[in-house]
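Undergrad: Input: one structure, supplied below.
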Amino acid sequence: MKTQELDKKYVLPTYGRVDVEFVSAKNATLKDTTGKEYIDFTSGIGVVSVGHANDRVTKALCEQISNITHISNLYYITPQAKAAQKVVEASGYDMACFFANSGAEANEGAIKIARKHGERDGEIKRYKIITLNHSFHGRTITTVKATGQESMHNYFGPFPDGFVYADGIDEIEALLDDHTAAVMIELIQGEGGVEPQDKAKVQALAKLLKEKEIPLIVDEVQTGAYRTGEFTASQLYGIEPEIITLAKGVGGGVPVGIVMTSLKEVLSAGDHGSTFGGNYLSARAVCEVVDILSELKESGDLEITSLMFNQALEKFYNAHKDIFTQKVGIGMMCGLRVKDAQTLSDIIANAKDAGVMVLKAGRNTLRFLPPLTITKKEIDRGFTLLGSALSK
Ligand SMILES: *Cc1c(COP(=O)(O)O)cnc(C)c1O
């Protein structure tokens, strides 16, 4: 049977798949079953941060799995301890890590830490978690409830209690009360449509929450791992959250989720756990990915790539103002607002035919999350192809 038939017969239909199958890839260039090449402006939704088939990651992982892949969290795991050190040092925050396997799971861990911390003096039960409308925090029952999108709360109930949604950063203060355990936000809403929050407002919120001793959780599943230019967008915004979650780009394609927190004493042995989390394979990937990206950052190459990408995007935007209304985003988490939703779907379909992969975000945003290692040649080729897709 062909892949499409197997998929239709044996895989649950939770994804509306695009009719293409990639068989190999290098950096930001993909190849499909017919040998046709595509430029990848998606990096698998911000995951393949170091490019496809990265030589260093490949070498590290092959070496690791030929030694030991998994033994459970009952024992010490050197790559996990080292990955935690690298992540914490790259962030500059005084934090410690818990390793999970996905973004949603990292957010579950964050919520557990906030809720246990909320019970610290026994008398008041602080359980409320305030999140934002148009946010996205994951697909588990709890994180789907944390997600401020009504349409995602169809079916699946009853949900865990205690999630409250604010329309914007401004609205959060009015919702704080004695039962608030935490506020959870994305600094740039990803799935919501590449919406950066206002820096001054975020700083004011962070200050207010510190005064009230309410932890701030920043969901950096999409913005983390140098996507915005700094290891975390929190550093870029100049804030010190109590809890940060990472996933997507930090594993470079190997499933991993990380909760890092300055509330190091909240969870005790037995409070939380994961069979796979931080095993030799995924932790080794994190070590190598963080090393590669930190080196790119320090050498200045990351900034050069980001500048090149943004200049090309700006030029493309200026040439097509009949279709796009605004350029948005920070670093290599960018988007173009498209005049209407139908045009956006047409662009994405035509782009695939032309040989460049792009993403949708929110209702009307064309989203770009290229590998952070994308070359000038790949950027130029991608925008040339995208231009030809528009002329259709
Ligand atoms: C992708 C994403 C998630 C969910 O991550 P999964 O690995 O799919 O569970 C959570 N939060 C944000 C901001 C995301 O972009």
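Undergrad: In the stretch 130-165, which chymotrypsin sites (Phe, Trp or Tyr not before Pro) fall in coil by DSSP and have 16 or fewer other Cβ atoms within 10 Å?
TA: Here the chymotrypsin sites (Phe, Trp or Tyr not before Pro) that fit, given the DSSP loop and packing criteria, are Tyr155, Phe156.
Undergrad: Moving to a separate point now. Aspartates and glutamates near Lys377 by alpha-carbon distance under 13 Å, same-chain residues fewer than 8 away left out - which ones?
TA: Asp40
Undergrad: How much length is gained if the chain between Asp346 and Asp32 is pulled fully straight, taking 0.36 nm per residue apart and subtracting their Cα-Cα distance, in nm to one decimal?
TA: Fully extending the segment from Asp346 to Asp32 adds 111.0 nm.
Undergrad: Are there trypsin sites (Lys or Arg not before Pro) in the stretch 310-368 that DSSP puts in a loop and that have at most 10 other Cβ atoms within 10 Å, and which ones?
TA: Taking the stretch 310-368 and a limit of 10 other Cβ atoms within 10 Å, the loop trypsin sites (Lys or Arg not before Pro) found are Lys321.
Undergrad: Calculate I(q)/I(0) for the stretch 236-392 by the Debye formula, one identical point scatterer on each C-alpha and no solvent, and give its log10 at q = 0.11, 0.13, 0.21 Å⁻¹ to two decimals.
TA: Debye intensities relative to I(0), on a log10 scale: -0.59, -0.77, -1.33.
Undergrad: What does the charge count near Val290 come to, summing +1 for each Lys or Arg and -1 for each Asp or Glu among other residues with Cβ under 15 Å from its Cβ?
TA: 0
Undergrad: Give me the percent of DSSP beta bridges within the chain that run antiparallel, rounded to the nearest 5.
TA: 65 percent
Undergrad: Next question. Calculated from DSSP H runs of 4 or more alone, at -39500 (n - 2.57) each and per residue, what is the 222 nm mean residue ellipticity of the chain, nearest 500?
TA: On the way: 13 runs with 152 residues, N = 392.
Result for the chain: -12000 deg cm²/dmol, rounded to the nearest 500.
Undergrad: Go from 0 up to the bin containing the longest alpha carbon distance in the chain, width 20 Å each, and give me the % of pairs per bin.
TA: 27, 59, 14, 0
Undergrad: How big is the convex hull of the Cα atoms of the stretch 173-277, per residue, in Å³? Walk me through the numbers on the way to the answer.
TA: Details: hull volume 13.0 nm³, N = 105.
With only Cα atoms used, the stretch 173-277 gives 123 Å³ per residue.
Undergrad: Over all pairs of distinct alpha carbons, what does the Kirkwood formula give as the hydrodynamic radius of the stretch 68-298, in Å?
TA: Evaluated over the stretch 68-298, this radius sits at 17.7 Å.
Undergrad: Compute the distance in nm between two label points, each set 7 Å from the Cα along the Cα-to-Cβ direction, one at Arg120 and one at Val11.
TA: 4.5 nm
Undergrad: Shifting gears a bit: Please identify the chymotrypsin sites (Phe, Trp or Tyr not before Pro) of the stretch 65-132 that satisfy two criteria: DSSP loop assignment and at most 11 other Cβ atoms within 10 Å. Which are they? Before the final figure, lay out each step's value.
TA: Details: sites: Tyr75, Tyr76, Tyr93, Phe98, Phe99, Tyr127; in loops: Tyr75, Tyr76, Tyr93, Tyr127.
Passing sites in the stretch 65-132 are Tyr75, Tyr76.
Undergrad: Longer than 20 Å from Cα to Cα, which of Lys199/Lys360; Lys86/Lys297; Lys26/Lys248; Lys145/Lys201; Lys82/Lys264 are they? Say none if no pair is.
TA: Pairs exceeding 20 Å: Lys199/Lys360; Lys145/Lys201.
Undergrad: Moving to a separate point now. What distance in nm separates the simple spin-label points at Gln4 and Asp271, each placed 7 Å from Cα in the Cβ direction?
TA: 5.1 nm
Undergrad: Could you pull out which residues in the stretch 259-302 have an amide N less than 15 Å from a spot 7 Å beyond the Cα of Asn67, following the Cα-Cβ vector?
TA: In the stretch 259-302, the label zone of Asn67 (backbone N under 15 Å from the point 7 Å along Cα→Cβ) covers 279-288.
Undergrad: Roughly how many Å is it from the Cα centre of the stretch 121-180 to that of the stretch 101-118, as a whole number?
TA: If you average the Cα positions of each part, the centres end up 13 Å apart.
Undergrad: Please identify the longest segment of the chain free of exposed GluC sites (Glu not before Pro), where exposed means a DSSP state other than H, G, I, E or B and no more than 12 other Cβ atoms within 10 Å.
TA: 266-392
Undergrad: Something else about it: Give me the number: length gained by fully extending Ala204 to His320, i.e. 0.36 nm times residue separation minus the C-alpha to C-alpha distance, one decimal in nm. Could you put the intermediate results ahead of the total?
TA: On the way: separation 116, 0.36 × 116 = 41.76 nm, distance 3.70 nm.
Working it through step by step, the gained length comes to 38.1 nm.
Undergrad: Here's another thing I want to ask about it. Can you give the net charge of the other residues whose Cβ lies under 13 Å from the Cβ of Thr3, counting K and R as +1 and D and E as -1?
TA: -1
Read the figures in this text as sums done on the coordinates, not as results from a lab. All values derive from a computational prediction rather than experimental measurement. Methodologically, a virtual Cβ is constructed for each residue, glycine included, from the backbone with ideal geometry; neighbour enumeration extends over all protein chains shown.
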